[in-house]
Amino acid sequence: AYVSWGNYPRVEHAALVPLVMTGALSKGTGKRFAETQSWTMDIYSPDGMERFGAGFKSTIRVRMIHALVRRNLLKKPQWDFNRLGVPISQTDMLTTILTTLLLGLGSRALGVPMTTRETDAIAHHGRYAAWLMGVKEPWLFESTAEGIRLLMHSASTQPRGEETSRIMAQSL
């Protein structure tokens, strides 16, 4: 079922609605994507997750932005809480963090030898970033294997691409 309101494009997935309503999906998608990639690099940079390191500060900034977006969207009459739930949900945040685990798997696929201990170190950084971002304890993963399992579960629940997916792809 599609959700439609006012001048906003129709969407069928709650994760895209905040991007549509804030204009982040149709305006500046490339910038938003670059910011996410910069944040990922900050997290995994040397000493990035030390207190006040680049990744630590970036993650706290993302948490604050998410809080502001949530507050503003929940005030809008167009936000259907009963249908969409909380904007930028636990699942949405966790899925973003979980995609960073693909760094280790991607490196392995490119022929870079990585031990389970090394990929689990990537998972540890991701878990800490997720916690800083506000992901609740039951969703925090202990290992790369557990994180990938959660990522596959999340991916399997995503709807098929529709209009907003095409808008985002064209913008990128």
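The values are calculated or read from the model by the stated rules, or taken from the named source; none is laboratory data. In this text, all values refer to a predicted model and were calculated from it rather than measured experimentally. With ideal geometry, Cβ positions are generated from the backbone for all residues, glycine too; neighbour counts draw on all protein chains shown. SASA here: full protein model, heavy atoms, side chains in, ligands and nucleic acids out. Shrake-Rupley method; radii C 1.70, N 1.55, O 1.52, S 1.80 Å.
Peptides 149-155, 117-123, 99-105 ranked from most to least packed give 99-105, 117-123, 149-155, packing being the mean of other C-beta atoms within 10 angstrom over each peptide's residues. Heavy atoms only, probe 1.4 Å: what % of the accessible area of the range 33-128 goes to carbon and sulfur, would you let me know? With neighbouring chains kept in place, the figure for the range 33-128 is 60 percent.
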